[in-house]
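Asks: Have a look at this one.
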């Protein structure tokens, strides 16, 4: 069965932003959708989040979506599964410390096995806007795309973080993302 696993970001839940809308739309199209609640959502830590994310069902028909801190988590999932999934879409994701201070973040790995990530997904798409207020912008999308050496980068103009309470971006629907899902 085709399924979608959505990994939320910092301080998010299954009710945040476009998650309820996307879940409903995908279920109408016959997908089983899972959005696991990640522990301590206000303080993303790979050692806590990755075991939860790896409990999900990953098959050759899986689509993996990660938003914000769910992006680097999605990369870690791809590095740690033993199956090639159909598609991964990283929305406002990142793989390096962000912000002016470039402080290490507990959701990031020290380094990624980009070849293994590449080998475990048929298609990968990065969606990073040109004005993300958190630094998860098109430059970061290009970095991840270049590291993997395959995939697509979609740069929505002026769309910020595509969901942020801090920056008043309610982003209740996300038609672009729905169109990109196979």
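Asks: Can you tell me which of 52, 43, 166 moves the most in a GNM of the chain? Springs connect C-alpha atoms under 10 Å apart.
Replies: 166
Asks: Compute and list, largest first, the equivalent-ellipsoid semi-axes of segment 3-180 from the alpha carbon gyration tensor, each √(5λ) rounded to a whole angstrom.
Replies: Semi-axes, largest first: 20, 19, 17 Å.
Asks: Separation between the residue 42 and residue 131 pseudo-spin-labels, each 7 Å from Cα along Cα→Cβ, expressed in nm?
Replies: My value for the distance between the label points is 3.0 nm.
Asks: Would you mind calculating the gained length between residue 182 and residue 116 on full extension (0.36 nm times residue separation, minus the Cα-Cα distance), in nm to one decimal?
Replies: Gain on stretching residue 182 to residue 116: 21.6 nm.
Asks: Using r as the Cβ-Cβ distance of residue 83 and residue 157, and R0 as 41 Å, what FRET efficiency do you calculate, to the nearest 0.05? Mind dumping the intermediate values first?
Replies: On the way: r = 35 Å, r/R0 = 0.86.
For residue 83 and residue 157, the calculated efficiency is 0.70.
Asks: At 7 Å along the Cα-to-beta-carbon direction for both residue 146 and residue 15, put a label point, then send me their distance in nm to one decimal.
Replies: Rounded to a tenth, the inter-label distance reads 4.2 nm.
Asks: Could you please tell me the mean projected area of the C-alpha convex hull for segment 93-140, averaged over all directions and given in square nanometres to one decimal?
Replies: Dividing the Cα hull surface by four gives the mean projection, 3.9 nm².
Asks: Give me the number: length gained by fully extending residue 34 to residue 169, i.e. 0.36 nm times residue separation minus the C-alpha to C-alpha distance, one decimal in nm. The partial results should precede the final answer.
Replies: Working: separation 135, 0.36 × 135 = 48.60 nm, distance 2.34 nm.
Once the chain is fully extended between residue 34 and residue 169, it gains 46.3 nm.
Asks: If one computes the Cα centroid of segment 1-24 and of segment 126-182, what distance in Å separates the two points?
Replies: Cα centroid of segment 1-24 versus Cα centroid of segment 126-182: 15 Å apart.
Asks: Here's another thing I want to ask about it. GNM, the chain, Cα, under 10 Å: largest mean-square fluctuation among 149, 135, 160?
Replies: Of the options given, 149 has the highest mean-square fluctuation.
Asks: Between 85, 127, 65, find the one with the highest GNM mean-square fluctuation for the chain; connect C-alpha pairs within less than 10 Å.
Replies: Comparing 85, 127, 65 in a Gaussian network model of the chain, the most mobile one is 85.
A short reminder: the numbers here are calculations on the coordinates, not readings from a lab. Remember, predicted model here, so these are calculated numbers, not experimental data. Using ideal geometry, Cβ is built from the backbone for each residue, glycine included, and neighbour counts are taken over all protein chains shown.
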